[in-house]
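K.L.:
Before anything else, here's the structure in question.
The values are calculated or read from the model by the stated rules, or taken from the named source; none is laboratory data. All values derive from a computational prediction rather than experimental measurement. FYI the Cβ positions are ideal-geometry reconstructions off the backbone, even for glycines, and counts take in every protein chain you see. The area values use the complete protein model at the heavy-atom level, side chains included, leaving out ligands, DNA and RNA. Shrake-Rupley method; radii C 1.70, N 1.55, O 1.52, S 1.80 Å.
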Amino acid sequence: MTLLEIQDLNVGVDSREIIRGLDLMVNAGEVHAIMGPNGSGKSTLSHVIAGKSGYEVTGGHILFRGEDLLEMEPNERAAKGVFLAFQYPVEIPGVTTMNFLRTALNALRKARGRGELSTPEFLKKVREVAGSLNITRDMLKRGVNVGFSGGEKKRNEVLQMALFEPSLCILDEIDSGLDIDALRIVASGINGLRSPERAMIVITHYQRLLHYIVPDYVHVMSKGRVVKSGGKELALELEACGYAQFETAA
Amino acid sequence: MKQVLAKADAGCATSNFLAAALERLPGAGLVPHIRARAFEAYARAGLPHRRMEAWRYTDLRALIGEVLPLAPRPDAAALARAKASARRVAVDQAVKLVLVDGIFAPELSDLGELKNELHVQSLREVLENSATGAMAGLVLSTTDDAVIALNAAMASDGLVISIAEGNTIRRPIQIVQVATGSSVSAFTRSYLQLDKGAHATVVQSFISAEGASGYQANDVLIALAGDEASLSHLRIAADAADAVNISSGIIAVGTRAKLDLFSMTCSGSINRYQGFVTLGGEGSKLSANGVNLVKDKLHADTTIVVDHAVPHCTSRQKFRAVVDDCGRSVFQGRIVVRPVAQKTVASLSTRALLLSDQAAADNKPELEISADDVTCSHGATSGALDNNLVFYLRARGLSEKDAQMLLIKAFIGESIEEIFADNLRDFVTAQAEHWLQERL
C-alpha cells in the first residue's frame with residue numbers, strides 16, 4: 001500500500017528555491033534512504049512533510065494514504081502517523097520527559113479515537129522501551145533533553161518513535177553526533193520498529209548508518225531533487241565515488 | 001509647583017479628604033495626630049510619578065490620577081457577597097481571616113480556631129481599646145514612600161497577629177481582602193510578629209465580590225520574623241479587571257531566620273507589589289519569587305528591595321512574567337549590600353515572556369554593593385515563545401494551544417516551584433492554570 005506520495009514538489013524559503021520538482025513514493029514496509037550533500041534539501045524535505053512553518057510550497061503535492069498532507073496542522077499529521085525524528089532535538093526546561101511523553105501520547109491517542117492510558121499502563125510501556133534503549137529513570141525525570149548528551153537526545157527520539165506508534169518515520173540525520181556504540185543502540189532500536197505496516201525514510205550524509213539500518217531503496221538528492229534512485233548498493237557506490245558526479249547531473 | 005492632590009470628589013481639596021474620613025477612622029489620643037502628620041507627608045509628595053526612580057515604570061499620577069473616597073462600612077448584603085467570593089479562593093485547611101472593604105469581618109473569619117497558638121486582633125480593636133496612645137506607633141509611617149504614608153493616614157482596619165516564641169502554626173493563615181464596592185478605596189494595614197523560633201505561613205488574597213469595579217486597594221503588611229523564625233508569605237492579587245491595588249510589604253528578618261516570599265498578580269488594572277526586606281540578623285535567608293500574569297491592559301509591577309544589612313545572609317530571587325495583549329509587566333529588583341555585609345550571597349533572575357506585539361516588559365535589576373567579599377549575580381531576559389519548541393511539541397501531537405500551554409506552564413513553573421509547601425504550590429499552580437485556560 002502506498003503511504004507517502006510526493007509529486008513534483010517545489011519548496012522555497014524567503015523566495016529561494018530549495019526543493020525543485022521532487023518525486024518520491026514510499027510504500028508500507030519499505031525503508032528508503034535519502035542521501036545527498038549539504039544543502040541538497042534533505043532536511044527541508046523532512047520539515048515540509050512534518051509541517052514546520054516558514055517554508056513555502058510553491059508547487060506539487062504530498063499525499064499521505066491518499067490525503068493531502070499539506071492541508072493538515074503538524075499535530076494532525078502526527079496523529080495520522082507521521083513522525084519526524086529531529087536532527088537537533090530541542091531542550092525543554094521545566095517539562096519533565098515523563099510528563100512530555102505522557103501528554104503527547106495521550107494527545108495522539110485521543111486524536112486517534114483511543115482512550116488515555118492509565119498511569120500503570122503508561123509507566124510499564126515507557127519502562128519497557130526505555131530499558132531497551134539504555135534510557136535511565138533519571139533521564140525520564142529530567143527536563144526534555146536538558147543536559148542530555150547527543151546520543152541521549154537521539155535515543156530519546158527513538159523512545160518516542162516506539163511509544164507513539166507512527167506509520168511513517170522520518171529520521172533526519174539520526175546518526176549525527178553519535179559515536180559507534182550509541183549508533184548501534186539507536187540503529188537496533190530503529191530496526192526493532194521495522195514492520196510490514198510501517199515505512200521509514202532515513203536521511204543521512206554517510207553510508208555508515210546504512211550498515212546498521214539496511215534500506216530497501218536509496219535515493220540521491222542534489223539541488224532539490226532526486227537525481228538517482230537504486231537499491232542499497234547505490235549507497236556503496238556513493239561511498240566510493242562521492243556526490244560530485246550528481247551535482248553536475250542536477 | 002503643581003501637585004496632583006487627592007480628591008474626595010471633584011473640586012474637594014486634599015486636607016478635606018482626611019478630615020472627612022477621620023471621624024470614621026479608629027484611634028484616639030495620639031493616633032489622629034500621627035495620621036495627620038502622615039497625611040501631610042503624603043500631600044507634600046503627592047502620588048508617585050515617573051521622575052522618581054522607584055516609580056519610573058509605574059507613574060501613579062498618570063495611571064490613577066486621584067485617590068477615591070473611603071469605602072463605606074460593609075452592610076449585611078456586602079458581607080454576603082464577600083463571603084461567596086472568599087469561598088472561591090479558600091486555601092485548603094487554612095485559618096481564614098477576612099477583611100471586607102477595608103474592615104475586618106469576624107463573622108466571615110475563623111477567629112476562634114488556633115486561639116492558643118495564634119494571637120489575632122483587628123487593628124481597629126487595638127487602636128480603640130488601648131488605654132493610652134501606646135499603640136499609636138502602629139500607624140507610624142516607616143518610610144518616605146508616599147503611598148505608605150497615605151496608608152498610615154487612612155488605614156481603617158487590618159490584622160495584628162503575633163505568634164509566640166517557638167510556636168509552629170501548621171495550618172496556613174489566609175487573609176482574604178475582598179472589595180465589594182465600586183469607585184471607592186480601602187486602606188488596610190496589618191502587623192505580623194513571629195517571635196523567636198516561630199513558624200508560620202501567611203497567604204494574602206486580594207479579590208473582588210461580583211459587581212465590584214473601579215475600586216482602589218492600598219495595603220501595607222509590616223512583618224517581623226524574629227531570630228530563627230521561619231515565615232512564608234504568599235500574596236495573590238486577583239482583583240476586578242478595572243481595579244487598582246497597591247500593596248507594600250515591610251519585612252525584617254532576624255538572626256538565622258528564614259523568609260519565603262511569593263507574589264502573583266493575575267488580574268486588575270493597575271497593580272503594584274513593593275516588598276522591602278531587611279536581612280537584619282546574621283545568617284538570615286530570603287527566597288523571594290513571583291509571577292506576573294498580564295493580559296488586556298493590566299499594568300503589573302513587582303518591586304523588591306532587599307537590604308543586606310549584616311554579614312552572612314543569603315537572598316535568592318526568581319521572577320517570571322507572561323504578558324499578552326496590551327499588558328505591561330514591570331519587575332524591579334534592588335539589592336543593597338551594606339559595607340559590613342561581607343559574605344553576602346545574592347542572586348536575582350527575572351524573565352519575561354511576551355505573547356503579543358503590544359505586550360511590554362520592563363526588567364530592572366539594581367545591585368548596590370558596598371562590601372567586597374560577596375557573591376552577587378543577576379540576569380534579565382525577555383522574549384517570545386520559541387517557535388522551535390512549539391513545533392517540536394506539535395510534531396509530537398500537541399495542538400498549538402496545548403503546546404503553548406505546556407511551555408508557559410514550564411516557564412512560570414521555574415518560579416512557582418520555589419514555593420516550599422506542596423499544597424500552596426498546587427494552589428498557586430491551579431490559579432495560574434485557570435488564567436492560562438481563560439487566555440488561550
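K.L.:
Any residue in region A:176-197 that is assigned to a loop (DSSP other than H, G, I, E, B), in contact with a Ser or Thr (Cβ under 8 Å, 6 or more places away or on another chain) and among the basic types (Lys, Arg)? Outline the logic, then answer.
P.N.:
At the first step, the residues of region A:176-197 found to be assigned to a loop (DSSP other than H, G, I, E, B) are A:176-179, A:192-197.
Add one more test, that the residue is in contact with a Ser or Thr (Cβ under 8 Å, 6 or more places away or on another chain), and what stays is A:192, A:197.
Those left that are additionally among the basic types (Lys, Arg): none.
No, there is no match, as no residue in region A:176-197 is assigned to a loop (DSSP other than H, G, I, E, B), in contact with a Ser or Thr (Cβ under 8 Å, 6 or more places away or on another chain) and among the basic types (Lys, Arg).
K.L.:
Just for helices (runs of 4 or more DSSP H) wholly inside region B:62-181: which have at least 2 residues that are farther than 24 Å from B:Leu224 by Cα? Before you say what the answer is, go through the steps one by one.
P.N.:
On the way: elements: B:76-88, B:123-129, B:146-154.
Per the criteria, B:76-88.
K.L.:
Could you check A:Arg155 against (1) surrounded by 17 or more Cβ atoms within 10 Å (Cβ to Cβ); (2) in contact (Cβ under 8 Å) with a residue 40 or more places away in the chain; (3) not small (Gly, Ala, Ser) and say which number it fails?
P.N.:
So A:Arg155 meets the others, but not (2).
K.L.:
Something else: Against the conditions (1) without any contact (Cβ under 8 Å) to a residue 60 or more places away in the chain; (2) open to solvent by 30 Å² or more (accessible area, probe 1.4 Å); (3) touching a Gly at 6+ places or on another chain (Cβ under 9 Å), where does B:Glu414 fall short? Just the number, please.
P.N.:
Every condition holds for B:Glu414 apart from (1).
K.L.:
Within region A:140-171, how many residues turn out to be more than 17 Å from A:Gly189 (Cα to Cα) and within 11 Å of another protein chain (Cβ to nearest Cβ)? Steps first, please.
P.N.:
First, pick out the residues of region A:140-171 that are more than 17 Å from A:Gly189 (Cα to Cα): A:140-149.
Restricting the remaining residues to those that are within 11 Å of another protein chain (Cβ to nearest Cβ) gives A:143-146.
Final tally of qualifying residues: 4.
K.L.:
Here's something else I'd like to know. Among the residues of region B:164-180, are any open to solvent by 20 Å² or more (accessible area, probe 1.4 Å) and in contact (Cβ under 8 Å) with a residue 60 or more places away in the chain?
P.N.:
Filtering region B:164-180 down to residues open to solvent by 20 Å² or more (accessible area, probe 1.4 Å) leaves B:164-168, B:170-171.
If we keep only those that are in contact (Cβ under 8 Å) with a residue 60 or more places away in the chain as well, we get B:165, B:171.
Yes, region B:164-180 contains a residue that is open to solvent by 20 Å² or more (accessible area, probe 1.4 Å) and in contact (Cβ under 8 Å) with a residue 60 or more places away in the chain.
K.L.:
To continue, here is another question. So which of A:Glu73, A:Glu17 is farther than 18 Å from B:Leu393 by Cα and open to solvent by 40 Å² or more (accessible area, probe 1.4 Å)? So that I can check it myself, show each step before the final result.
P.N.:
Values: A:Glu73 fails: farther than 18 Å from B:Leu393 by Cα.
Result of the check over A:Glu73, A:Glu17: A:Glu17.
K.L.:
Still on this structure, I have one more. What do you reckon, is A:Val90 more than 30 Å from A:Asn27 (Cβ to Cβ), facing chain B (nearest Cβ under 9 Å) and surrounded by fewer than 17 Cβ atoms within 10 Å (Cβ to Cβ)?
P.N.:
Working: more than 30 Å from A:Asn27 (Cβ to Cβ): yes; facing chain B (nearest Cβ under 9 Å): yes; surrounded by fewer than 17 Cβ atoms within 10 Å (Cβ to Cβ): yes.
So A:Val90 fits the description; yes.
K.L.:
Hand me the list of strands (runs of 3 or more DSSP E) wholly inside region B:262-341 holding 2 or more residues that are over 18 Å from B:Leu234 (Cα atoms) and out of contact with any Cys (no Cβ under 6 Å at 6 or more places or on another chain).
P.N.:
On the way: elements: B:270-279, B:285-294, B:299-308, B:314-323, B:328-337.
Counting at least 2 such residues, we get B:299-308, B:314-323, B:328-337.
K.L.:
Among the numbered criteria (1) outside any loop (DSSP other than H, G, I, E, B); (2) out of contact with any strand residue (DSSP E or B) (no Cβ under 6 Å at 6 or more places or on another chain), which one does A:Gly54 miss?
P.N.:
Of (1) outside any loop (DSSP other than H, G, I, E, B); (2) out of contact with any strand residue (DSSP E or B) (no Cβ under 6 Å at 6 or more places or on another chain), only one is false for A:Gly54: (1).
K.L.:
Select from region A:93-105 the residues that are facing chain B (nearest Cβ under 7 Å) and either under 26 Å from A:Val48 (Cβ atoms) or open to solvent by less than 10 Å² (accessible area, probe 1.4 Å) (or both) and list them in ascending order. Don't jump to the end; show me each part of the working.
P.N.:
Quick first cut of region A:93-105, residues facing chain B (nearest Cβ under 7 Å) only: A:93-95, A:103-104.
Selection gives A:Val95, A:Thr103, A:Ala104.
K.L.:
Just one of A:Leu108, A:Leu84 is at the interface with chain B (Cβ under 7 Å from one of its Cβ atoms) and touching a His at 6+ places or on another chain (Cβ under 8 Å); which is it?
P.N.:
On the way: A:Leu108 fails: touching a His at 6+ places or on another chain (Cβ under 8 Å).
After ruling out the rest, the residue left standing is A:Leu84.
K.L.:
Could you tell me whether B:Leu261 is surrounded by fewer than 21 Cβ atoms within 10 Å (Cβ to Cβ), modelled with pLDDT of 95 or more and under 21 Å from B:Ala421 (Cα atoms)? If you could, list the steps in order and put the result at the bottom.
P.N.:
Numbers: surrounded by fewer than 21 Cβ atoms within 10 Å (Cβ to Cβ): no; modelled with pLDDT of 95 or more: yes; under 21 Å from B:Ala421 (Cα atoms): yes.
No, not satisfied.
K.L.:
From A:Ser167, A:Ser149, A:Ser195, which residue is of a type in the set (Ser, Thr, Tyr), surrounded by fewer than 15 Cβ atoms within 10 Å (Cβ to Cβ) and under 16 Å from the mean Cα position of the chain (by Cα)?
P.N.:
Details: A:Ser167 fails: surrounded by fewer than 15 Cβ atoms within 10 Å (Cβ to Cβ); A:Ser149 fails: under 16 Å from the mean Cα position of the chain (by Cα).
Step by step, each of A:Ser167, A:Ser149, A:Ser195 is checked, and only A:Ser195 is of a type in the set (Ser, Thr, Tyr), surrounded by fewer than 15 Cβ atoms within 10 Å (Cβ to Cβ) and under 16 Å from the mean Cα position of the chain (by Cα).
K.L.:
Hey, among B:Asp357, B:Asp362, which residue is charged (D, E, K, R) and part of a loop (DSSP other than H, G, I, E, B)?
P.N.:
Values: B:Asp362 fails: part of a loop (DSSP other than H, G, I, E, B).
Going through B:Asp357, B:Asp362 in turn, just one is charged (D, E, K, R) and part of a loop (DSSP other than H, G, I, E, B): B:Asp357.
K.L.:
Here's something else I'd like to know. Taking the stated definitions as given, is B:Asp386 open to solvent by 30 Å² or more (accessible area, probe 1.4 Å), within 12 Å of chain A (Cβ to nearest Cβ) and either among the charged types (D, E, K, R) or within 18 Å of B:Thr302 (Cα to Cα) (or both)? Working first, answer last.
P.N.:
Working: open to solvent by 30 Å² or more (accessible area, probe 1.4 Å): yes; within 12 Å of chain A (Cβ to nearest Cβ): yes; either among the charged types (D, E, K, R) or within 18 Å of B:Thr302 (Cα to Cα) (or both): yes.
Taking the combined requirement at face value, the residue satisfies it.
K.L.:
Of B:Ala346, B:Ala359, which residue is open to solvent by less than 10 Å² (accessible area, probe 1.4 Å), closer than 30 Å to B:Ala384 by Cβ and over 21 Å from the mean Cα position of the chain (by Cα)? Even if it seems obvious, please write down each step before you answer.
P.N.:
Numbers: B:Ala359 fails: open to solvent by less than 10 Å² (accessible area, probe 1.4 Å).
Answer to the selection: B:Ala346.
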